[in-house]
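Structure, as structure tokens:
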Amino acid sequence: MISGNPKLITLEKYQSILVVSEKEGLHGTFEVAKHQWVISNSDSWLAKVSLPWNMQASASGILSVKDDFHLALVMIRAGIAVTGYFHNGEMLDHKVFRAYMVRQKQGKSQIKYLKTKGKSRAGSRLRLGESEQFFEEINERLQQYNKDYAITTWGISCGKTLWPYFFGSDMPTPFSKNAENLISIPFHVQQPDFATLQEIHKKLNGIHLTLSEKGQEIFDQPDTTESNNLNDEDDW
């Protein structure tokens with residue numbers, strides 16, 4: 001069982017967790033897909049630490065800053081999306097995309113509507129056309145990032161209902177669904193705009209700790225840890 005919500009912790013706290021883990025003879029592994037350091041015993045996991053995306057972990061969990069780190073983020077919701085490119089922590093490009101994808105009376109996205117009602121009416125055809133253009137423009141921007149920069153890591157937040165349209169766009173994505181350098185953004189994205197892009201990037205540069213109940217008994221000792229409640233992104 002999980003005890004409490006993930007917390008933002010200091011580098012010193014993380015290092016102390018590694019020391020305690022070694023002292024207790026626990027097992028630590030790095031999960032590439034989630035960019036997490038996971039500590040476990042013979043039965044189950046005790047601690048999951050989401051590491052800064054601009055850092056890499058050694059075989060023992062020691063962190064070091066990645067050289068020449070190129071990060072591209074894309075966050076998509078029905079009718080609005082944002083992309084951003086960062087080099088060594090500095091934002092060098094961003095763009096917000098909008099489309100007429102929501103039926104005004106029902107408040108339902110055109111993509112969800114098409115699953116049940118078809119696309120015969122003129123309004124539906126208009127929204128569908130804007131939806132297709134929406135994803136093409138997003139992917140065009142991502143393709144430009146891929147062409148101009150040596151992207152180290154791609155970060156994505158996109159609802160599963162939008163996946164077929166994102167990855168099936170006439171303008172293809174510059175990465176596959178299973179690319180090794182494609183990571184799910186582990187924070188909930190309500191409104192993908194410029195302010196959210198900045199906020200998410202800041203969070204991705206932090207260290208976030210989740211403890212099981214047993215892990216809390218081992219690692220949750222009094223310290224200067226700063227609480228920061230997070231919502232897991234369940235769309236990935």
Every residue from the stretch 1-40 that is at pLDDT below 95, under 25 Å from residue 199 (Cα atoms) and β-branched (Val, Ile, Thr):
32
Report yes if some residue within the stretch 135-144 is modelled with pLDDT under 95, outside any loop (DSSP other than H, G, I, E, B), of a type in the set (S, T, N, Q) and surrounded by fewer than 18 Cβ atoms within 10 Å (Cβ to Cβ); otherwise report no.
no
Working only within the stretch 41-89, note down all residues that are within 25 Å of residue 195 (Cβ to Cβ) and touching a Lys or Arg at 6+ places or on another chain (Cβ under 6 Å).
54, 80, 83
For the stretch 1-97, which strands (runs of 3 or more DSSP E) that fit wholly inside it have 2 or more residues that are buried (at least 16 other Cβ atoms within 10 Å of the Cβ)?
2-9, 27-31, 36-40, 45-50, 55-57, 70-77, 80-87
Is it the case that residue 214 is under 22 Å from residue 88 (Cα atoms) and not in a loop (DSSP other than H, G, I, E, B)?
no
Which residues, counting only those in the stretch 182-207, are farther than 19 Å from residue 77 by Cβ and surrounded by 13 or more Cβ atoms within 10 Å (Cβ to Cβ)?
205, 206, 207
Could you list all residues from the stretch 162-187 that are part of a helix (DSSP H, G or I) and in contact (Cβ under 8 Å) with a residue 60 or more places away in the chain?
162, 166
Across the stretch 54-76, what is the total count of residues that are within 15 Å of the chain's Cα centre (by Cα) and either over 19 Å from residue 142 (Cα atoms) or modelled with pLDDT under 95 (or both)?
1
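The values are calculated or read from the model by the stated rules, or taken from the named source; none is laboratory data. Please read all numbers here as calculations on a predicted model, not as lab measurements. So basically every Cβ, Gly included, is an ideal-geometry build from the backbone, and we count neighbours across all protein chains shown.
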